[in-house]
Amino acid sequence: MRTGSDLLHQVRPEDFTWYLRQVPNWIGNKEYMIELEGIDGCVSFGETIREAKKGLYESLHLWLKRYGEEALPVVQSDGAQLIHLLPEMTDVEVRYINEELQKLI
């Protein structure tokens, strides 16, 4: 079986569909969030799209290390990549997330 670091050289974030969204950060500014479709928890944030994209490599590596390649969804093989541009997170969504986080404390 290949390890997460071996597989990371063969599987790239660009092999999956992305969901790109601008979200508020903890200090009241906005940042970009990119999630990989079908890979729950594989997400990256950055002040720029470039920074968020860069973080996806580490996120995917950590995900593979935890769950293994067997848990990966089917990789796109046609060379085309989909990027869904989602609307900016609303204040209602932010309040909901904060309320749910408060319940965990």
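Here are the numbers:
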read-out	value
Top-ranked residue of segment 41-52 - restricted to ones that are part of a loop (DSSP other than H, G, I, E, B) and within 8 Å of the chain's Cα centre (by Cα), ranked as nearest to Gln81 (Cα to Cα)	Cys42
Boolean, Glu88 is among the charged types (D, E, K, R), out of contact with any His (no Cβ under 6 Å at 6 or more places or on another chain) and either in a helix (DSSP H, G or I) or surrounded by 15 or more Cβ atoms within 10 Å (Cβ to Cβ) (or both)	no
Pair list, Cβ < 8 Å and 6+ apart or interchain, from segment 87-105 residues that are closer than 18 Å to Leu20 by Cβ and touching a residue at least 12 places away in the same chain (Cβ under 8 Å) to residues that are surrounded by 10 or more Cβ atoms within 10 Å (Cβ to Cβ) and of a type in the set (D, E, K, R)	Pro87/Arg21; Glu88/Arg21; Glu88/Lys30; Met89/Arg21
Test result for Gly55, part of a helix (DSSP H, G or I), without any contact (Cβ under 8 Å) to a residue 24 or more places away in the chain and among the small types (Gly, Ala, Ser)	yes
Filter result (in contact with a Lys or Arg (Cβ under 7 Å, 6 or more places away or on another chain) and among the hydrophobic types (A, V, I, L, M, F, W, C)) within segment 24-69	Met33, Ile34
Qualifying residue in segment 63-85 (condition: part of a loop (DSSP other than H, G, I, E, B), polar (S, T, N, Q) and exposed (fewer than 12 other Cβ atoms within 10 Å of the Cβ))	yes
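The numbers here are math on the coordinates, done by the rules we state, and not lab data. The shown structure was predicted, so the numbers you read here are calculated from the model rather than taken from an experiment. Here Cβ is always computed from backbone atoms with ideal geometry, including for glycine, and neighbour counts include all displayed protein chains.
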